[in-house]
1. Below 8 Å between Cα atoms, with a sequence gap of 6+, how large is the relative contact order for the stretch 1-151 in percent?
2. Where Rh is the Kirkwood radius over the Cα pairs of the chain, the temperature 25 °C and the viscosity 0.890 mPa s, what D in µm²/s does Stokes-Einstein return?
3. Thinking of the stretch 343-398 as a set of Cα atoms, what percent of all their pairs are more than 18 Å apart?
4. Counting helices only, and only those DSSP H runs with n ≥ 4, report the 222 nm mean residue ellipticity of the chain as the sum of -39,500 (n - 2.57) divided by its residues, in deg cm²/dmol to the nearest 500.
5. Along the stretch 255-261, what does the Karplus equation 6.51 cos²θ - 1.76 cosθ + 1.60 (θ = phi - 60°) give for ³J(HN,Hα), rounded to whole Hz, x for Gly and Pro?
6. On average, how much area does the Cα convex hull of the stretch 1-135 cover when viewed from any direction, in nm²?
7. First select every other residue whose beta carbon is under 12 angstrom from the beta carbon of Thr220; then total the charges, Lys and Arg +1, Asp and Glu -1.
8. Run the numbers on the chain and let me know its relative contact order in percent, using alpha-carbon pairs under 8 Å that are six or more apart.
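The values are calculated or read from the model by the stated rules, or taken from the named source; none is laboratory data. All values derive from a computational prediction rather than experimental measurement. Here the Cβ positions follow ideal geometry from the backbone for every residue, glycine too, while neighbour counts run over all protein chains shown. With ligands, DNA and RNA removed, areas are computed over all heavy atoms of the protein, side chains included. Shrake-Rupley method; radii C 1.70, N 1.55, O 1.52, S 1.80 Å.
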Amino acid sequence: TFSPAKTYAVTLITITDKTCADTLVKQVTIHDLPEPDFVLPEVCLSDPFAAFTNTSTITDNSAAQFTYLWNFGDANANAGNPNTSTKKDPQHSYTSVGVYNVQLTVTSKDGCISDTVKTFTVNGALPLAKFSVDNAGSFCSNRDVIITDNSSVNFGNITKVEIYWDYQNNPADKITDEFPANGKKYSYRYADFGNPATKSFVIKYVAYSGINCVNETQQTVTIKASPLVQFAAMNPVCAAVDPFTITQAREVNGISGTGVFMGDGVSNGGLFNPRTAGAGEHSILYTFTAANGCTDALSQTILVYPQPTVNAGPDRTLLEGGYLILDATASGNDITLLWTPNTAIENPLVLTPKVNPVNDITYTLNVTSSEGCISKDDVFVKILKTPLIPNAFSPNGD
């Protein structure tokens with residue numbers, strides 16, 4: 001077996017038992033083999049003929065010099081409608097439904113021959129267009145309408161279906177499926193609307209078993225108006241912020257119904273508690289269910305900044321005229337510090353300042369993170385006054 005096609009030098013060496021030898025060389029030319037192929041038509045019994053399209057090829061690009069021999073596998077063929085043809089793209093009329101074996105034999109310019117056989121079906125002439133509507137009666141304008149193909153034919157296969165989704169108002173809006181199958185599903189989304197309460201559309205379904213064999217059916221579907229939710233962006237908050245009601249989510253089509261929130265730290269009614277949610281990014285889902293059962297939902301994120309921690313230290317006592325170092329601790333994202341009031345304190349911007357008050361005082365340490373979140377803690381400093389001892393006494397000792 002030689003490959004690829006080209007001229008090869010074949011050598012034969014003959015040696016006698018006396019070791020005498022002779023050599024013979026001949027050139028052997030190997031030609032490319034045709035690759036026969038053709039496209040099967042889709043026909044039914046009522047079609048006048050089946051047109052076969054040749055698509056055969058060859059590596060040396062000499063397909064224009066092919067010769068062809070077709071066998072249509074038709075036992076009912078006759079002289080006026082022969083079973084064979086030598087045309088490149090022949091036609092043949094079949095007189096009964098059935099499955100036929102069509103053979104194409106191709107001969108190249110160099111005499112190389114190859115063939116292929118394909119199974120060909122002549123479909124029945126009585127297709128029945130039929131489809132079912134999934135979840136009929138529960139369609140909302142913001143959801144897909146889904147239909148299922150239930151078409152059939154008295155023999156063979158449905159070869160093509162056409163679906164007109166709004167045949168009365170927009171007959172140009174259709175899809176064509178060249179490869180239908182029983183049970184195959186198709187979906188379509190009508191334009192979303194919030195008014196009127198319902199709209200009706202006629203779906204026209206056309207099934208083919210060939211070129212001239214066609215049947216159609218239609219159904220009316222009723223679509224309900226749908227709510228439309230808008231959910232604006234929410235600003236970041238600090239973890240210590242008091243619970244608040246989310247007001248950024250709402251339904252804008254004016255349809256009556258109920259909205260419900262879901263997510264970390266949020267109640268069904270939309271009360272958000274940053275402390276419960278915790279620091280980090282949280283997704284809040286708002287779902288609005290209309291009185292007609294249709295829903296719409298949107299989610300939005302909210303960022304909760306971590307709260308800085310602060311401890312101003314234990315309460316202290318100080319002898320009058322002395323000083324002490326406040327023993328505070330704090331942590332957070334790039335925090336800044338401030339002690340208040342700025343009374344008898346050496347540096348109110350450091351964590352452990354030196355203080356020397358002369359009267360009882362409460363110092364407050366304010367800690368602010370880079371995100372603007374503030375935490376506070378107090379420390380009380382008690383001043384122990386120096387006792388005043390008198391330097392005189394009364395004669396009676398009182």
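1. On the way: 283 pairs, mean separation 30.0, N = 151.
RCO, the stretch 1-151: 20 percent.
2. Numbers: Rh = 31.9 Å.
The calculation lands on 77 µm²/s.
3. Working: 850 of 1540 pairs.
Summing the P(r) tail past 18 Å for the stretch 343-398 gives 55 percent.
4. Values: 1 runs with 4 residues, N = 398.
So the helix-based figure for the chain works out to 0 deg cm²/dmol.
5. 8, 6, x, 10, x, 9, 9
6. Values: hull surface 63.4 nm².
With the hull built on Cα positions only, its mean projection is 15.9 nm².
7. On the way: positive: Lys199, Lys204; negative: Asp166.
With Lys, Arg at +1 and Asp, Glu at -1, the net is +1.
8. Working: 966 pairs, mean separation 37.3, N = 398.
It comes to 9 percent, rounded to a whole number.
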